Each structure stands twice: as C-alpha cells, then as structure tokens.
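Worksheet: one structure, shown below.
The values are calculated or read from the model by the stated rules, or taken from the named source; none is laboratory data. Just so it is clear, the model here is predicted, and its values are computed rather than measured. Here Cβ is always computed from backbone atoms with ideal geometry, including for glycine, and neighbour counts include all displayed protein chains.
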Amino acid sequence: MLERVNPEPRFVQEIAREGLLDSSPLVVVDVGASGGFWPFWSHFGTHRRMIGFEPDAKECARLRENRGMEVYPVALGAKPEQAVFHQLRNPCCSSFLEVNREYWARFPLGDTHLEVGKSVVEIADLDGVAADNGLETVDFIKLDTEGSELDVLRGAAGLLENEMLGVQVEVAFQPIHHGRPLFGEVDAYLRDKGFALFDLSPWRHARKALPPIDGYAAAPSTYGQVVWGEALYFKDLAAEIGKGQRPVASKIVKAVAMFDLFMLPDCAIELLEAALEAGLLDPSYQVRKELLVPTLLGRRLPLDSWRVLFNALPQI
C-alpha cells in the first residue's frame, strides 16, 4: 500500500458530510481485490461505489459478504482470451507470469515463490466488462496483479481516456517475473494517456548476503535493492484548466478529495484555486481551502498566514 495516506482528510470528510457527491459518487475499481478495499476509502461514507475484481472463487465469495462492495469473479487483461495462471506456495504471489527464480534465488525467500500448480483462466478486458454492466466511468483504479498490470491498463484504455482521475499501480523495477514490463513501460503508457506521476513508494529487499533480522524475509526490508513499489498517478487538472480546458465541477471536487486523501495538500489547493479563478466551482469552496492546510507544530494556520510565514523565511 502507498505509505502516505492522510489519517484525517478533513476536506473529504466535509464533502461527505454535506453530501456534495450525492449526484456523482466516487467510483473506485480494485483489480486484484484479495483482502478487500483499503479502509481509508471509508472517509467518503456512502458517497462511493466500490467495485472489485478477484478471480479466486473463495476470496470473491468472502468479499461479497461486504455489502459495500460489488465483486466480479473475473481476471482482467488486455483482451478476452485464455491464459495460464501460475499458482505459488504464497497465494499472494501467484501470477499469469512465471517467477524469475534465478533472480529471487539471491534473496532469502525460501519457498515463497515455489510453483504448486497451474490452471487455465478466462480473461476479460475492463472496457468490455464495464460496457456489459453499464459502468460508463471510473474515477480511480487500483491494480495489484503480480505482473499483468500493464495488460490490465491496456484493456482499460477507454476508461482511462474517459475522464478517469487516478491510478494506483504496483510496479517492478527489477526482472522479478519473466516478461514482466518494468516501471518505465507502465509510466510511458500512463503518461501517453494523460496521467502524471504524483507519488511513489519504493519497496526494498535485502539479499542473502546480509539477510534481514528485523522482519519477515519475504517482506520489504529497511535496506537492500529497490525491487518494486506502488506508483500513484493523477490527471493534472490544474494544468488542464490553465490551458483553457473546463472539467466538470464533480471531477474537480473528486480530484481535490483524492489529493487530500493521499497527502497532496499543495496539489489540492492549487487545483481549487485554479478552478475558482476559472469560475468552475461554487465560491463556497474558497472557505474549504482551509481544510487542506496541514498542521504546523501542532497548530493549524490559515492558508494566508502559512504563505506569509513562508515569504518571511530567508530564501537562497
């Protein structure tokens, strides 16, 4: 999971309390939904639609017990087809790609990546599933599919281009699977679709030469090579407004709310001010900017005071 999540997103909580997304709830899709949605989405209250995709039948049934989720027992990819699914001893590491055991042999992971079986799985594309189920738009998508993330994104090209606001995607920096696209390929694809990288949480793994003694060997460690991570992308609506584009108010509010949620208050305030100056939001949002100012030494300063304090600091 991304490391930087706001435990008290006051802007999100206020718009949820005031019902400002009643007519346009936030739509979040989780691809690889095993374990359920991260609890921080609960800050949106009932003003959210949570849709999960999890091909494991038992896990899908468990997830469906949560009435706040819609769960599809479907594996997603670039197009409808059949593919071989590699089942590993650690189910969380199972993948449509073969693990690069030669690379992982340098790490103290034991039999975590030992293959215990294979199965042939039907794959669908997200654009097709969305069209078949009347899902016209998605605001945010989270992907954790152990190597097939770029294929899933390719199968969601229509949704990505149709006003989607954000993407959270697991990325690899090293050849941990055979044929797995690395971070640069995922980044290039999303940039081509109009997204910009806003945050990155790298995960390190210690090698056998100095194995970690402060945690589980298969888990990320405090030292070692950066192997993979979570990348967070958004459409840069403030830049779009600066170029004369006019996003609808609900999209702007959702983007500001997600900036608040993912600890990007500067981006949230920048977008609010750009939208207010362009006349795209109700003037009441001038006051709501104050909800986005973080604490300073345990105090909450007004935004103007924060800026005055910054301007009083010596600048190099």
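Return the residue satisfying two criteria in turn: it lies in region 11-25 and is part of a helix (DSSP H, G or I) and under 20 Å from the mean Cα position of the chain (by Cα), and of such residues it is nearest to N162 (Cα to Cα).
V12
Is it true that D22 is in contact with an Asp or Glu (Cβ under 9 Å, 6 or more places away or on another chain), under 25 Å from S250 (Cα atoms) and charged (D, E, K, R)? Steps first, please.
Values: in contact with an Asp or Glu (Cβ under 9 Å, 6 or more places away or on another chain): no; under 25 Å from S250 (Cα atoms): yes; charged (D, E, K, R): yes.
So D22 does not fit the description; no.
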### Message
Residue pairs, Cβ under 6 Å, 6 or more apart or interchain, first in region 124-150 and closer than 13 Å to A78 by Cβ and touching a residue at least 24 places away in the same chain (Cβ under 8 Å), second in a loop (DSSP other than H, G, I, E, B) and among the aromatic types (F, W, Y). List them.
### Response
S148/F96
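Is one or more of the residues making up region 194-210 basic (K, R) and buried (at least 16 other Cβ atoms within 10 Å of the Cβ)? Can you show your working first?
Initially, region 194-210 is screened for residues basic (K, R), giving 204, 207-208.
Pick out the ones that are also buried (at least 16 other Cβ atoms within 10 Å of the Cβ) and you get none.
Checked region 194-210: no residue is basic (K, R) and buried (at least 16 other Cβ atoms within 10 Å of the Cβ).
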### Message
I'd like to know if region 284-299 contains one or more residues that are outside any loop (DSSP other than H, G, I, E, B) and touching a Pro at 6+ places or on another chain (Cβ under 8 Å).
### Response
yes
### Task
Within region 1-56, track down each residue that is free of Cβ contacts under 8 Å to residues at least 60 places away in the same chain, more than 21 Å from L76 (Cβ to Cβ) and acidic (D, E).
E8, E18, D22
## Note on the structure
Of the conditions (1) polar (S, T, N, Q); (2) in contact with a Gly (Cβ under 6 Å, 6 or more places away or on another chain); (3) modelled with pLDDT of 95 or more, the single one that Q174 does not satisfy is (2)
### Message
Which of the strands (runs of 3 or more DSSP E) found entirely inside region 38-115 contain at least 1 residues meeting this: modelled with pLDDT of 90 or more, in the same structural domain as P181 (by TED's automatic domain parsing) and under 20 Å from the mean Cα position of the chain (by Cα)?
### Response
48-53
## Note on the structure
Residues in region 61-88 that are within 27 Å of G179 (Cβ to Cβ) and free of Cβ contacts under 8 Å to residues at least 40 places away in the same chain total 6
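Look at V28 and say whether it is β-branched (V, I, T) and in a loop (DSSP other than H, G, I, E, B).
Numbers: β-branched (V, I, T): yes; in a loop (DSSP other than H, G, I, E, B): no.
For V28, the condition - β-branched (V, I, T) and in a loop (DSSP other than H, G, I, E, B) - is not met.
Would you mind stating whether L150 is aliphatic (A, V, I, L, M) and surrounded by fewer than 22 Cβ atoms within 10 Å (Cβ to Cβ)?
Answer is no for this residue.
Name the single residue, out of those in region 262-316 being of a type in the set (V, I, T) and farther than 29 Å from P39 by Cβ, that is surrounded by the most Cβ atoms within 10 Å (Cβ to Cβ). Please lay out each step first, then the result.
If we filter region 262-316 for residues that are of a type in the set (V, I, T), which is where we start, we get 269, 287, 293, 295, 308, 316.
Those still in the list that are farther than 29 Å from P39 by Cβ too: 308, 316.
Numbers: V308: 11, I316: 2.
For region 262-316, the residue satisfying everything is V308.
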### Any pair with Cβ under 6 angstrom, 6 or more apart, that starts in region 214-235 at a residue that is on the phi > 0 side of the Ramachandran plot and ends at one that is assigned to a loop (DSSP other than H, G, I, E, B) and buried (at least 20 other Cβ atoms within 10 Å of the Cβ)
G224/A206
### Query
For region 205-233, how many residues are among the charged types (D, E, K, R) and at pLDDT 95 or above?
1
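Would you mind stating whether P55 is farther than 30 Å from R300 by Cα and buried (at least 16 other Cβ atoms within 10 Å of the Cβ)?
Working: farther than 30 Å from R300 by Cα: yes; buried (at least 16 other Cβ atoms within 10 Å of the Cβ): yes.
Considered against the rule, which asks whether it is farther than 30 Å from R300 by Cα and buried (at least 16 other Cβ atoms within 10 Å of the Cβ), P55 comes out as yes.
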